[in-house]
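The values are calculated or read from the model by the stated rules, or taken from the named source; none is laboratory data. What you see is a predicted model; the values in this text were computed from it and never measured. Virtual Cβ from ideal backbone geometry, glycine too; neighbours counted across all protein chains shown.
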Amino acid sequence: MDAKPSAIVAQSGGPTAVINSSACGVIREAAKSGKIGRVIGATNGILGVLKEDLFDISAEKNESIEALKQTPAAAIGSCRYKLKSLEDSKADFDRVLDVFKAHNIRYFFYAGGNDSMDTADKVNKLAAEAGYELVCIGIPKTVDNDLAFTDHCPGYPSVAKYVATCAMEAGRDTEALYTTDTCTILEVMGRNAGWIAAATGLAARSGEDAPHLVYVPEAGFSWDRFVSDVEEVLKRLGRVFIVAGEGLKDDKGEYVTADKGAFGKDSFGHVQLGGVAEMLKAVIEKEVKIKARFNKLGTNQRSAMHFASLTDVNEAYMCGQMAVKYALEGVNGKMVTLVRKEGPKYKCTTGLAELRDVANGEKKVPPEFINDKGNHITDSMRDYVRPLVRGEAPITIGDDGLPVFMRFERKPLEKKLPKYL
């Protein structure tokens, strides 16, 4: 057994452009502290723990650790494996604790969203009941920006910067060819929260700029009003560029989609959304009688490291760094939060929230961020998101003209327990 306790860092759910920056913060601060023996990586999140598929991150090259801040997605490996209640998933939770005990893991740093915080909270409770000293700290991560108790989530500023820029670029394309391609619809991620869609509104510096219409789930959606909105913009500009969040619901509370039976669910039980753009296109062509086309950015939104926000990279790193500092100070059962300081100049520090509270919360776009017509954003939303997208994250470009991303060597830890799963 190591003289000093080990820490494990795991990633869960959909990747982001900066979740690896948080991992880098954990690794660097753990090494700097001198109180943690080694940092262990759980390949593919909690699945890696269950399978005892672990590797020694502390043995990785220094340049690889540093390059995490320039590498998108989840370098340690992610998953969507859901641990349910302690009763329904008791074998899984017991296994997690057994693996931690076998490798003298006393610090658990879990980067993820609501479900990940729920898992970390349950592991923490089980360890306490078993009398096993374990510190569990959550690190916020979601491009959807729907975690409660934090001003914003690491990952959101970069996706906001990317989608707003895509709206600007595609908007100019529509402006150039409006005599042929009169309408363009951009569908973005976000599930039931409209934070990503709302961020594109930042691109509209003037009334001529795209997007001309922005629809978020929080505003409600009326087909009659939508057609009227489109016709109004067409009358004014002769073209229209629309952004729609994937979680739009109509006035009957049903998801706006071309295929009502198409939705499946992921392992967390979340509805897998999509199809909004197709439906809007069909209605526009039928009711307004103009040609419409749509763009879907897909996973590009969350993995666009080439245009990541420097603010986002730095804050994600800070969250990982502070997770270790808080843990070594005796904090337990909490998630690191981002706290925006008041004042004319943007400044962000960290705070803490209970894991169980984060697991049960959801942050939606507030009414004051949506205009009265429900078809665009307000200056309050612009003030909220503008400082988040500032700065360009540095990125190494190879001799071939393309970005250079790191990959772990993954020196495996010896398995000490029977096979599981």
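Filtering segment 341-356 to residues that are surrounded by 16 or more Cβ atoms within 10 Å (Cβ to Cβ) and either at positive phi or among the aliphatic types (A, V, I, L, M) (or both) leaves Leu352, Ala353, Leu355.
Quick grid of which residues meet (1) assigned to a helix (DSSP H, G or I); (2) on the phi > 0 side of the Ramachandran plot; (3) not charged (D, E, K, R):
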position: Glu129; (1), (2), (3): yes, no, no
position: Cys136; (1), (2), (3): no, no, yes
position: Thr150; (1), (2), (3): no, no, yes
position: Cys153; (1), (2), (3): no, no, yes
position: Ser158; (1), (2), (3): yes, no, yes
position: Thr165; (1), (2), (3): yes, no, yes
position: Glu169; (1), (2), (3): yes, no, no
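Candidates Asp151, Asp121, Asp115, Asp146: the one that is at pLDDT below 95 and either of a type outside the set (A, V, I, L, M) or within 19 Å of Ala193 (Cβ to Cβ) (or both) is Asp115.
Identify, please: which residue in segment 190-211 is surrounded by fewer than 23 Cβ atoms within 10 Å (Cβ to Cβ) and small (Gly, Ala, Ser) and is, among those, nearest to Val240 (Cα to Cα)? Applying the filter and picking the extreme gives Gly207. If you check Thr337 against the conditions, is it outside any loop (DSSP other than H, G, I, E, B) and out of contact with any Phe, Trp or Tyr (no Cβ under 7 Å at 6 or more places or on another chain)? Answer is no for this residue.
State yes or no: is Thr349 over 24 Å from Gly194 (Cα atoms), modelled with pLDDT of 95 or more, out of contact with any helix residue (DSSP H, G or I) (no Cβ under 8 Å at 6 or more places or on another chain) and not in a helix (DSSP H, G or I)? Yes, satisfied. Looking only at residues in segment 53-94 that are over 20 Å from Ser22 (Cβ atoms) and among the acidic types (Asp, Glu), the one that is surrounded by the fewest Cβ atoms within 10 Å (Cβ to Cβ) is Glu87. Considering Ala170, Ala160, the condition of being at pLDDT 95 or above, touching a strand residue (DSSP E or B) at 6+ places or on another chain (Cβ under 7 Å) and not polar (S, T, N, Q) is satisfied by Ala170 alone.
Within segment 133-189, restricting attention to residues that are farther than 30 Å from Val123 by Cβ and among the small types (Gly, Ala, Ser), the residue that is surrounded by the most Cβ atoms within 10 Å (Cβ to Cβ) is Ala167.
If you check Asp379 against the conditions, is it loosely packed, with under 13 Cβ neighbours inside 10 Å and under 19 Å from Arg205 (Cα atoms)? Here the answer is yes, as Asp379 does meet what is asked.
Ile57 satisfies every condition listed in (1) within 22 Å of Ser303 (Cβ to Cβ); (2) under 17 Å from the mean Cα position of the chain (by Cα) except (2). Regarding segment 77-99, can at least one residue be identified that is in contact with a Gly (Cβ under 6 Å, 6 or more places away or on another chain), in the same structural domain as Lys325 (by TED's automatic domain parsing) and closer than 30 Å to Gln301 by Cβ? There is at least one residue in segment 77-99 that is in contact with a Gly (Cβ under 6 Å, 6 or more places away or on another chain), in the same structural domain as Lys325 (by TED's automatic domain parsing) and closer than 30 Å to Gln301 by Cβ.
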